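Quick notes on the structure that follows.
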Amino acid sequence: MCNLYSETKSQDAMRHVFDDVVEEEEPFEDLTGNLPPMAGIWPDYLAPIFRHGGNGGWRLSMARWGLPTPPQFLTGKRTDPGVTNVRNLASPHWRRWLGVEHRCLVPFTSFAEPDTRQGPTKGKPVWFALGPDRPLAFFAGIRTGWTSVRKVKEGEVTVDAFGFLTCAPNREVEAIHPKAMPVILVRPEEWRAWLTAPIEQALHLQRPLPDGELDIVLEGVNEDPA
């Protein structure tokens, strides 16, 4: 599963992409502040998400990567660092967050999967992108406000938490990591559908990116600054 990705495009680039999502009469606010390029985003890091905002508008804001863990997996544990990837959307634990108010888009430029091939590179990151120039795309995400202890030293905190959907891998990812890949949305109509469509329609988007649409752009390192 994907536990490392990058987002290195500027806020201005993201705003222009969102022009294809936000209709003219809908307000849009950017609450991310001065957002630097993020060459390596790990679980529990703060990262930008595009989500429903107030007054029927949209919001670009920061959230922590990792949704609340199902309670049965927390017995005897003092912390809940969160679940980064979600696949079984039939689970009651996840179904409560499938309404449009909880759906979000997670911008990225590349993502890494651990190499499962035998040899010296096994376990090291292999980075995928939509091309060598790393065009901006989105994971299909869900988000919620949540109060928990994510780290002992931090104590109880209330955060906006997010994770993104996974699915069966396409050809390129399967060769490296055969278990799963993130649900990637590349067209404005897909972005709008994930954010606004009834869940029965939106879940049709939980499918692999077509074969041939991803390139391996980097291997063996923990950041992709390109």
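The values are calculated or read from the model by the stated rules, or taken from the named source; none is laboratory data. Computed from a prediction, not measured in an experiment: that's the story for all the values here. Positions of Cβ are generated from backbone atoms using ideal geometry, with glycine treated the same way; all protein chains shown enter the neighbour counts.
Brief remarks on what is shown
- Any hit, the stretch 96-114, residues being of a type in the set (S, T, N, Q), part of a loop (DSSP other than H, G, I, E, B) and crowded, with 19+ Cβ neighbours inside 10 Å: yes
- Test for residue 87: is it free of Cβ contacts under 8 Å to residues at least 60 places away in the same chain, surrounded by fewer than 18 Cβ atoms within 10 Å (Cβ to Cβ) and under 19 Å from residue 195 (Cα atoms): no
- Residues satisfying the stated conditions in the stretch 33-68, i.e. modelled with pLDDT under 95, crowded, with 16+ Cβ neighbours inside 10 Å and not in a strand (DSSP E or B): 35, 53
- Listed by first and then second residue, the pairs with beta-carbon distance under 6 Å, at least 6 apart or on different chains, first residue in the stretch 1-18 and in contact (Cβ under 8 Å) with a residue 12 or more places away in the chain and within 29 Å of residue 176 (Cα to Cα), second small (Gly, Ala, Ser) and buried (at least 19 other Cβ atoms within 10 Å of the Cβ), are 1/180; 4/112; 6/110.
- Residues in the stretch 186-198 that are outside any loop (DSSP other than H, G, I, E, B) and in contact with a strand residue (DSSP E or B) (Cβ under 9 Å, 6 or more places away or on another chain): 190, 191, 193, 194, 195, 196.
- Residue 138 out of contact with any Gly (no Cβ under 9 Å at 6 or more places or on another chain) and either assigned to a loop (DSSP other than H, G, I, E, B) or touching a residue at least 60 places away in the same chain (Cβ under 8 Å) (or both): yes
- Residue match in the stretch 203-213 (condition: in contact with an Asp or Glu (Cβ under 8 Å, 6 or more places away or on another chain) and assigned to a helix (DSSP H, G or I)): yes
- A single entry from 173, 149, 159, 183 fulfils the requirement of being surrounded by fewer than 16 Cβ atoms within 10 Å (Cβ to Cβ), on the phi < 0 side of the Ramachandran plot, touching a residue at least 24 places away in the same chain (Cβ under 8 Å) and touching a strand residue (DSSP E or B) at 6+ places or on another chain (Cβ under 9 Å): 149.
- Screening residue 188 on (1) at pLDDT below 95; (2) of a type outside the set (S, T, N, Q); (3) surrounded by 15 or more Cβ atoms within 10 Å (Cβ to Cβ) shows it passes everything except condition (3).
- Picking from residues in the stretch 9-32 that are under 18 Å from the mean Cα position of the chain (by Cα) and of a type in the set (Val, Ile, Thr), the one that is surrounded by the fewest Cβ atoms within 10 Å (Cβ to Cβ) is 32.
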